[in-house]
Structure formats: structure tokens, C-alpha cells
Amino acid sequence: MSFDSPKVMGILNITPDSFFQGSRKQTETEIAERVVQLMEEGADLIDVGGYSSRPNARYVSEEEEMERLRTGLKILFREAPQAIVSIDTFRANIARECVERFGAAIINDISAGELDAGMFDAVAALQVPYLMMHMRGTPQTMMEEVRYDRLMPEILLYFAKKVTRLNQKGVNDIWIDPGFGFSKTTGQNYEVLAKLDQFAVFECPLLVGFSRKTMIREVTGVAAEEALNGTTALNMFALTKGANIIRVHDVKEAVQTVQLYNKIKTSHSP
């Protein structure tokens, strides 16, 4: 995949408790309609999750998560067999089954291997792109883990250690997600965003996910249902700071943002 032009990752939540109610898809009809919508609006990638990672999310067993994903992936590939699919999971066994049995192309691990010691070996065996995010603790405890001595140096060191370990295992197709909204206060989220270009040191594709999150709602005073405008604003800023992939609920608007960014980037004064 070329990142000469930024990519849009559309979210397919097959969970009952995602923070944005409008993204929750449970029935076969809802999932099928969402897949068609994502593809028609121009999603380059579809990220499928069966375990909500919002703060204080309910614990979901491995069996329940996999059952949700089996159902969702069957419908997804029936409706869009050409889709490039990312699996949002921190569990190695689920990653294996989704790639080997269903043909998922990317593993999106919010814990970067911290919540399943077998994840790095699984990715090395599967040889698929591995998207790893910065988070401390678990979805249930992450907002208790927001104390940093030096925020950006600590996050960069976290990724440097992970990249080194993955490279030693033969994994070279690594994508990075700074983890906006995970183990960070609103102020810390904006500090990371302001310094986003520092992640270029890794020479890895960089993904950002702001879509309708608390960091927008706290500043603008709107609900998740009204946070699309703020999402678009942050996505455009992130693209100017080197983001390669934007992960969103609202694909049509994100695709338009990328189109406008590309126009700016390729325009030159006479």
C-alpha cells in the first residue's frame, strides 16, 4: 500500500457499547448496510472491532469477542470481498483466526503487545502489517495512568522499544498510533497532536484516531453526535503534521478532507 496519499480507515463496531452510539452495529442487516456505506463513501480500509476500548468498557471474554468477529467478518466479506480489513484486537489467538480463516490483512492492537505476551510472535508468524498503539493499563484502567514526567519522550521511547523487539522477530511492516484518548488527559492529547511530526523518526506509517472523542467534546462542549466538525478540523491538522491514515466513523467527510489536503500539497505558487 502506498501512502503517497493519506488513507481513510472506516470503523465497523460490532459491539453493543461503543462510546458513539451511532457506530454500534449488531444485526446482520445493520452490519451489511454499514459495510456497503463504508465502501461507497471511499474507505481505503475497514477496521472491525468486537471489544469496545472506550474508558471503563465492559470486559469481554475471548470467546464472545471472537464470536462477534466471526459474524461480522462473514457479512463484511460477503458484501465487500475486495475490502482491506483491519482487526481491532489485543488477543493473539483472535488475530490468528481472523487472518488465517477469514483473510483479514492488518492487526490493530491497542496494547502494542502489552495485554497478550503472544501477540508479537503471532504477528511475526502471520507476516501482516501490525498497527500498534500507545496505551497504559487496560481499557478499564487506562484513565488512571495519565502521570508522565516527560510525555513525548516517554511515548517515543515506548515505540522505540517495541519497534526494536518487532524487528528482531522479523516484523518490519509496522504502523504506529499515538493513542489519542488512551491514558492521556485532554491537555496531553493536544500536546501529542502539536508534536505529531516527531513520530516521523520511526519511518513508519502513522495513524491518528480522533473521531468524535472526548478531546474534541471537552473543548467544544458538544456531544459525540455533534463532534464531526471538530473531528474534521483535527484530521486536517494531523495530515499537515505527517499523519498517513485517519481512522474515522464518518468516511465521506474524511475522504473529502484528504482530497482537500492533497490539493493544498500539490498546489504551487506561480
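Can you put D121, D44, D149, D88 in order, fewest other beta carbons within 10 Å first?
Details: D121 14, D44 20, D149 6, D88 27.
Ranked by crowding around the Cβ, least crowded first: D149, D121, D44, D88.
Which order do the peptides 58-65, 246-253 take when ranked by the mean count of other beta-carbon atoms within 10 Å per residue, highest first? Please list the in-between numbers first.
Details: 58-65: 12.9, 246-253: 22.5.
Output ranking for 58-65, 246-253: 246-253, 58-65.
With a 10 Å Cβ neighbour count serving as the proxy for reagent exposure, in which order, fewest first, do H134, H268 appear?
Result, fewest neighbours first: H268, H134.
Which whole-number percent gives the relative contact order of the chain, counting Cα pairs below 8 Å spaced six or more residues apart?
On the way: 468 pairs, mean separation 52.6, N = 270.
Contact order relative to length: 19 percent.
Using the structure shown, list the pairs from K7/K263; K7/K265; K195/K241; K7/K252; K7/K241; K161/K241 with a Cα-Cα distance above 18 Å, or answer none. Numbers along the way, then the final one.
On the way: K7/K263 15 Å; K7/K265 15 Å; K195/K241 8 Å; K7/K252 12 Å; K7/K241 15 Å; K161/K241 23 Å.
Over 18 Å Cα-Cα: K161/K241.
Would you mind working out the magnitude of the charge dipole of the chain relative to its Cα centre, with +1 at each Lys and Arg C-beta and -1 at each Asp and Glu C-beta, to the nearest 20 Debye?
Numbers: 30 positive and 36 negative charges, 98 e Å.
With Lys and Arg at +1 and Asp and Glu at -1, about 460 debye.
Among S111, S5, which comes first, then next, by fewest other beta-carbon atoms within 10 Å? Don't skip to the end; give the middle numbers.
Details: S111 23, S5 14.
Ranked by crowding around the Cβ, least crowded first: S5, S111.
Would you tally the net charge around A238, using a Cβ to Cβ cut-off of less than 11 Å, leaving A238 out, and scoring K and R as +1, D and E as -1?
Details: positive: K241, R247; negative: D197.
Result for the neighbourhood of A238: +1.
No lab work stands behind these numbers, since they all come straight from the coordinates. Nothing here was measured: the structure is a model prediction, and the numbers come from that model. Methodologically, a virtual Cβ is constructed for each residue, glycine included, from the backbone with ideal geometry; neighbour enumeration extends over all protein chains shown.
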